[in-house]
Each structure stands twice: as C-alpha cells, then as structure tokens.
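Notes to accompany the following structure.
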Amino acid sequence: MGKIVALTFDDGPNTTTTLDVLDKLKKYGVVATFFLIADSINEESADSVRAALKQGCEIENHSKTHSHMSAFDEKTVRDEVEYTSRKVFEITGRMPEFFRPPYIDVSRTMVDCIDLPMICGHEGRDWEPEVPAGERASLILDKVKDGSIILLHDSRGNDLTVQALDIIIPELLRQGYEFVTVSQLFRQKGVEAKAHNGVIYSDFDQTLRFDDPIPG
Ligand SMILES: [Zn+2]
C-alpha cells in the first residue's frame, strides 16, 4: 500500500479563505478535512461547506464557540460538541466522526464525556501572522510520515497558508503520497480511532495520551 496523508483545516467556514483553499485542492486534485466552528456557520458560509463536500472533502467538529474548553463543566462540553455535530449534520447529512479540541486544550472531563476521537496533527505555526509561507511548509514537511495528519487553518485572511499549499501539496505528491480524509486515513490503515482513551491523534498509530509527559 502506498503512503497516505490527511490535510486538515480548522476555524472555518468562511466565504473567502475557505474557498481559496478549495481552489488549491482542486488545482492538485486532492481532498482535505475541514473542522468547523459552529458559530461561524451561516447561510453564506454554509455554501463553502457544500462546495467542500462536492470536492470530496470531509466535514468534522471543532466546537461551537472555539473556547478553552478545559475550563468547562461536563454539560457545557457536551453542549459545545453536540450543537456543532447537529449543525454539521444539517448541511452535510452526515454526523461528524472526529473532534478537534480548540487550542488542543483538553481536560479529563472532555476525555470522559466527548464521544468522538480527538484529532491534533502536525502543524506549521500557521496561526502566527509573522511565519512566512515557506516556513509553514517546511515545518510540516519535516514532520510528515506515512499516516500523518496535517493541521492548518482556513481562518479568514490566512493567505500565507493558501500559499504554503503550493509548496506542501506538490512536494508530498512528488514523494508519492496520496491525500485522504481523516476517516479514510484510519480506515485504510485498519485502525479504529477511539474516544475516551485520552489519545489526541496526530498520526494513525499514535498512542501518547493527553496527560502523558512530552517525550524527549
Ligand atoms: Zn481552532
């Protein structure tokens, strides 16, 4: 089996940068996974989500309010996740299968009561405006291996990440990677990503838990 990788984008949807990202995906004929903030979904931005679906992309859950959720009690955590899954379902007709915690800020309460596997990914500091496109790309390319998840942001105005895609995607294609969605990534690797185990997956075979000390 060939090498696979999953591109993912957080903090949409919007009617500008989300569409610019979709244009790049179309240009290279690849798919990605979008983790949505429910409070950013409105009539106009929902069209961007439909466009993503049409291109074979997958839509997942990045909470309702994009808060530091480790401060929340169980009911508030559940409300954040369930509200967002319902909003996604209204547009896509499919319930999200994965959750990305805002700021990867995770508490024991969240691990216990969120019924979706948690996803992180290899990042290129692309939320920092001063990090140039080339550096975003090389930070990611240095870390990616077979079965990795790449974490980027399609937040409104994040044009440097749109530019970085012109480096990241062709380079990974050149290295022989196939681009898949997050659910396809786990399925093709024969791994069932699990909720409640405290793992926040950046790779299909990740076993580190959120409360483990960082190695090295
Ligand atoms: Zn986010």
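FYI, it's all coordinate maths here, none of it is from the lab. Since we're looking at a predicted model, the values are computed, not measured. Cβ atoms come from the backbone with ideal geometry, glycine included; neighbour counts cover every protein chain shown.
Some values worked out for this structure:
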| item | result |
| --- | --- |
| Computed magnitude of the charge dipole of the range 32-118 (debye, nearest 20; Cβ of K, R +1, Cβ of D, E -1) | 160 debye |
| Selected from Ile150, Leu139, Leu185, residue furthest toward positive end of dipole (the range 100-216; charges at beta carbon) | Leu185 |
| Among Tyr201, Val111, Val77 - extreme Cα towards positive end, dipole of the chain, charges at beta-carbon | Tyr201 |
| Amide H partners (placed H, <5 Å) of Leu152, local residues excluded | Thr8, Phe9, Asp10 |
| Per-pair calculated FRET efficiency, R0 = 30 Å: Met1 and Glu130 via Cβ, rounded to 0.05 | 0.15 |
| Val191-Glu82 pseudo-label distance in nm [points 7 Å out on the Cα-to-Cβ vector] | 3.0 nm |
| Whole-Hz couplings from phi, Karplus 6.51/-1.76/1.60, listed for the range 69-85; x for Gly and Pro | 6, 5, 7, 8, 7, 4, 5, 5, 4, 4, 4, 4, 6, 5, 4, 5, 4 |
| Cα centroid of the range 145-195 to Cα centroid of the range 1-23, whole Å | 8 Å |
| Shape of the range 66-164, Cα gyration tensor, a/c cut at 1.5 | prolate |
| Separation in nanometres of the label points that stand 7 Å from Cα toward Cβ, at Leu53 and Phe89 | 1.4 nm |
| Projected label distance in nm at Asp211 and Asp20, using a 7 Å step from Cα toward the beta-carbon | 4.1 nm |
| Lys, Arg +1 and Asp, Glu -1 on Cβ, resulting dipole of the range 4-201 about Cα centre, debye, nearest 20 | 580 debye |
| At 1.002 mPa s and 20 °C, Stokes D of the range 4-201 from Kirkwood alpha-carbon radius, µm² per second | 128 µm²/s |
| Mean Cβ neighbour count within 10 Å, used as a protection proxy, ranking 86-96, 10-20 highest first | 10-20, 86-96 |
| Virtual paramagnetic centre 7 Å along Cα→Cβ of Glu178, amide N under 19 Å, in the range 123-151 | 145-150 |
